[in-house]
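To start, the structure under review is shown below, and the notes come after it.
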Amino acid sequence: MFAPRKYSRPRRCIFYILAFVICQLFFVFLFIRNGSYDNKAFSHQPLHHESESRKHFLEYREFISKTPQRSEDFYQYNLHLSDSLGVIRKLPLTKHTSCTTRSYNLPPPWQSDVSVVISFHNEARSMLLRTIVSLLRRTPEEYLHELILVDDGSQDVTLLDDLRRWMEEVFGGRMDRLGLILLKNQKRMGLIWSRNKGASLAEGHYVLFLDSHCEVNDGWLEPLLERLELNPQLAVSPLLDPIDPTTLSYRKGNELLKGGFDWSLHFHWLKRQLAKKELPEMAYKSPAFAGGILMMSREWFLQLGSFNSQLKIWGGESIELAIKLWLCGGQIEIVPCSRIGHIFRRLHAFDFPPQLDQQLSPAQETYLHNSKIIAESWLDEYKNMFYALRPVARRIPLDHTYDEMQRLRRERQCQPFEWYLRHVSPELRIHFDELSATGTLRNEDRCLHARQSDSQLILASCYLSDITQWRMLRTSGQLSTQRELCLGVGHRMGITLQPCGRNETTRNSQRWLRLGTHFLHAETHLCLDNPLKERLEMSTCRSHAVSQSFQFALEMDAS
Ligand code: UDP
Ligand code: MN
């Protein structure tokens, strides 16, 4: 047996001292780390001098105490956390280090100053303030010409007056040099109208459209200015760093994504392929903007007719601007060395005005209305793709003609949409080339529908707003939904929806051949059949059976 070892007193003392020092060092490390990276840490940086910061802090509490108290659903983010974060916080450095070590070739401020336009509707005071203060603190003063805020009919009626007072108090002399325009729409006009209004009043060389729940990160402006200086018809987006709506943590955005849209004219992130020697931090071309945050020459924006003023409230406006930019001589780039944090909310935090169509929600109808205008003004013959996927859009009334857009296209000698597919968004073209048919799949007066709740296959009214849009793939013979589920035949000839297979075996059970309007299953040699009103089954093919006849909304030309 070993006797327990006894340490002498001085050695024990040294041990305790060392342990204490190590603990202290550990806490200091944690503190420093939290100070700069933990987004929840309240880090109230003085806006002027240390001595004034307490006063400003009290004024900030007073200012936000008037925020209308609503549930979290109202704002769609964590209001209490937003209030407690303070007016500005340190943000992690999310861009590549080479972005901070290099210098930027900037034009002089009098040739390149910026008007920032922020339109907002029912934004929480602390959130709006953090957007504004981060902008004022992190933008070189000489390049910020003015700030234009458009309050789009918010319920918080004293907000603008309180804001003006607060800014004058806190930013003092700087407010004499910065143009500040505060507008209030008594009646809600929507984001599109409000941004156009703001831009029409702007005087800076460039205009930046910003959302009201953003935090601009250090050095956001210089990389954008450098790119814009090279090409006056360029429009740029910063790389958006996502801010989580629940934890408000600020994360690094992905440089390997670009903006795009599908044939329903819904926004999507697309994969960016790096060319040889291209580094992720380099500016890159994008078919559409990263969300709605973008900067471009004010004059060029006006020459392009601003955001299309026929579009209502919210939705599709930055896709429309992207299409007309590309087709009429411009370009779009995303610049990863410029970072702006943005809260991507899971749901809309605002209502859409009631519409006529009972079967569509006001949000759906507004979006379809706007998309229809885009399809009619820019998509040429490809608008059939849009209608095939969104047949309900056909019955949405539009109260204007497209003359204005046609005039713009003529005057600016804009390219046809085909050019966009060829040169800007090969992804959209691939979708087009790969498909042999698309849209709803009709049997008599009903359409084949994959119910979202339980993926059950049924035959339903073709006018359901979420009626399944199918895609018939040319080479694999697969029949797929937009959620990448494929129609297959399984156990006991049961018709099922399965994840679309990539390997040969699954692909074979999902391969369909088309014989006229019949769908012949390649493996079983049976045909898709609808003998009863709502049920589908596989049965022997009969050439004249109406129950076996299915029509797509859109057949592509074989090429
Ligand atoms: N907004 C507005 N009027 C409206 C709807 C939205 O001014 O009728 C503002 C909103 O407050 C935000 C910006 O438009 O600052 C963009 O809206 P949102 O953030 O909901 O769009 P998303 O970022 O989800 O594309
Ligand atoms: Mn937003």
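Beta carbons closer than 9 Å, at least 6 apart along the sequence or on distinct chains, pair a first residue in the range 340-352 that is more than 15 Å from residue 365 (Cβ to Cβ) and in contact (Cβ under 8 Å) with a residue 12 or more places away in the chain with a second that is of a type in the set (Phe, Trp, Tyr) and more than 7 Å from ligand 1 (Cβ to nearest atom) for 340/220; 341/250; 343/77; 345/75; 345/77; 349/74; 349/75; 349/77. Note on the range 490-513: residues that are open to solvent by less than 10 Å² (accessible area, probe 1.4 Å) and either at pLDDT 90 or above or not in a loop (DSSP other than H, G, I, E, B) (or both) total 2.
Against the numbered list (1) among the acidic types (Asp, Glu); (2) within 16 Å of ligand 1 (Cβ to nearest atom); (3) open to solvent by 10 Å² or more (accessible area, probe 1.4 Å), residue 320 comes up short only at (3).
Here are some residues: 490, 516. Which one is closer than 27 Å to residue 383 by Cα and touching a residue at least 12 places away in the same chain (Cβ under 8 Å)?
516
Set side by side, the residues 320, 281, 299 differ, and just one is closer than 28 Å to residue 130 by Cα and more than 16 Å from ligand 2 (Cβ to nearest atom), which is 281.
Any residue at all in the range 46-60 that's open to solvent by less than 30 Å² (accessible area, probe 1.4 Å), modelled with pLDDT of 75 or more and either farther than 24 Å from residue 344 by Cβ or touching a Gly at 6+ places or on another chain (Cβ under 6 Å) (or both)? Yes: the range 46-60 contains one or more residues that are open to solvent by less than 30 Å² (accessible area, probe 1.4 Å), modelled with pLDDT of 75 or more and either farther than 24 Å from residue 344 by Cβ or touching a Gly at 6+ places or on another chain (Cβ under 6 Å) (or both).
Apart from one condition, residue 340 fits all of (1) surrounded by fewer than 24 Cβ atoms within 10 Å (Cβ to Cβ); (2) out of contact with any Ser or Thr (no Cβ under 8 Å at 6 or more places or on another chain); the exception is (1).
For the range 397-411, residues that are in a loop (DSSP other than H, G, I, E, B) and exposed (fewer than 14 other Cβ atoms within 10 Å of the Cβ) total 5. The strands (runs of 3 or more DSSP E) found wholly in the range 195-277 and carrying at least 2 residues that are open to solvent by 10 Å² or more (accessible area, probe 1.4 Å) and within 16 Å of ligand 2 (Cβ to nearest atom) occupy 234-243, 267-271. In a residue-by-residue description of the range 337-353, the property of being at pLDDT 90 or above, away from ligand 2 (no atom under 16 Å from the Cβ) and not charged (D, E, K, R) applies to at least one position.
The condition of being away from ligand 1 (no atom under 16 Å from the Cβ) and either surrounded by 18 or more Cβ atoms within 10 Å (Cβ to Cβ) or farther than 30 Å from residue 220 by Cα (or both) holds for residue 373. Scanning the range 345-370 for residues being under 10 Å from residue 315 (Cα atoms), within 15 Å of ligand 1 (Cβ to nearest atom) and not aromatic (Phe, Trp, Tyr) gives a total of 4.
Looking at the range 262-276, can you tell me whether even one residue there is within 15 Å of the chain's Cα centre (by Cα), at positive phi and within 16 Å of ligand 1 (Cβ to nearest atom)? There is at least one residue in the range 262-276 that is within 15 Å of the chain's Cα centre (by Cα), at positive phi and within 16 Å of ligand 1 (Cβ to nearest atom). Where strands (runs of 3 or more DSSP E) fall wholly inside the range 412-488, the ranges with 2 or more residues that are touching a Phe, Trp or Tyr at 6+ places or on another chain (Cβ under 7 Å) and within 16 Å of residue 392 (Cβ to Cβ) are 435-443. Remark: pairs (first residue in the range 63-79, more than 12 Å from residue 156 (Cβ to Cβ) and assigned to a helix (DSSP H, G or I); second residue open to solvent by less than 50 Å² (accessible area, probe 1.4 Å) and modelled with pLDDT of 90 or more; Cβ separation under 8 Å; 6+ apart in sequence or on different chains) = 72/78; 72/79; 79/124; 79/126.
Looking at the range 99-186, the strands (runs of 3 or more DSSP E) lying wholly inside it that each contain 1 or more residues that are of a type in the set (D, E, K, R) sit at 144-152, 179-185.
Taken over the range 424-438, residues that are open to solvent by 10 Å² or more (accessible area, probe 1.4 Å), of a type in the set (Val, Ile, Thr) and either touching a residue at least 12 places away in the same chain (Cβ under 8 Å) or touching a Ser or Thr at 6+ places or on another chain (Cβ under 6 Å) (or both) amount to 1.
The values are calculated or read from the model by the stated rules, or taken from the named source; none is laboratory data. Note that this is a predicted model, so its numbers are computed, not measured. Cβ atoms come from the backbone with ideal geometry, glycine included; neighbour counts cover every protein chain shown. To get the accessible areas, we keep the full protein, side chains included, count just its heavy atoms, and leave off ligands, DNA and RNA. Shrake-Rupley method; radii C 1.70, N 1.55, O 1.52, S 1.80 Å.
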